[in-house]
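The block underneath contains the structure these notes are about, expressed in structure tokens.
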Amino acid sequence: EVQLVESGGGSVQAGGSLRLSCAASGFIFDDYVIGWFRQAPGKERERVSCIMNSNGVTYYADSVKGRFTISGDNAKNTVYLQMNSLKPEDTAVYYCAADRTVGRWYEGADYWGQGTQVTVSS
């Protein structure tokens, strides 16, 4: 049974920071790509960031590049998303998602968490 559990969301003012966590279980952590999608009301779901746990290679959407940092702790089976310099447009529900390859993750991951709300006020 694959499980992804997000935490760390909340409400902050613009310019603030949050760190999201995704705790994974039920699969071989090192063999998977894990990352984050987000969706705001009335908007399409968008890819945010992911990491290849086998080698640490990362992907970032242009909208968050330079502000967000993704990392993985293989010993804890947990992926983190450090979000700095937050903007109101970052407001969304953030979903942890996992799949076996970057290509599969990018097209639409097979495994999803329940989501955590991030709200950034101006």
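The values are calculated or read from the model by the stated rules, or taken from the named source; none is laboratory data. All figures in this text were calculated on a predicted structure; none of them were measured in a lab. Don't worry about glycine lacking a Cβ; one is built from the backbone with ideal geometry, like all the others, and counts go over all protein chains shown. Just so you know, the surface numbers come from the protein's heavy atoms only, side chains and all, with ligands and any DNA or RNA stripped out. Shrake-Rupley method; radii C 1.70, N 1.55, O 1.52, S 1.80 Å.
Values for this structure:
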item	result
Theoretical gain in end-to-end length, Ala40 to Gln117 [0.36 nm per residue, Cα-Cα removed]	26.8 nm
Accessible area in square angstrom per residue, the chain, 1.4 angstrom probe	51 Å²
Karplus (6.51, -1.76, 1.60) ³J(HN,Hα), θ = phi - 60°, over segment 107-121, in Hz, Gly and Pro reported as x	6, x, 5, 7, 10, 9, x, 7, x, 9, 7, 10, 10, 10, 9
Area accessible to solvent at Cys50, 1.4 Å probe radius, in Å²	0 Å²
Charge dipole magnitude, Cβ of K and R +1, D and E -1 - segment 17-108, Cα centre, debye nearest 20	180 debye
Exposure of Tyr106 as accessible area (Å², to 10), given a probe of 1.4 Å and all protein chains	100 Å²
Relative contact order, percent, the chain [alpha-carbon distance under 8 Å, six or more residues apart]	35 percent
Gained length - Ser7 relative to Lys65, 0.36 nm times residue gap less alpha-carbon distance	18.7 nm
For the chain, calculated [θ]222 nm from helices alone, where every DSSP H run of n ≥ 4 adds -39500 (n - 2.57)	-1500 deg cm²/dmol
Positive-end extreme of charge dipole, the chain - chosen from Tyr94, Ser54, Phe68 (charges on Cβ)	Phe68
Cα shape, the chain, gyration tensor, a/c 1.5 rule	prolate
Segment 53-119: trypsin sites (Lys or Arg not before Pro) falling in loop per DSSP and having at most 11 other Cβ within 10 Å	Lys65
Exposure of Trp112 as accessible area (Å², to 10), given a probe of 1.4 Å and all protein chains	80 Å²
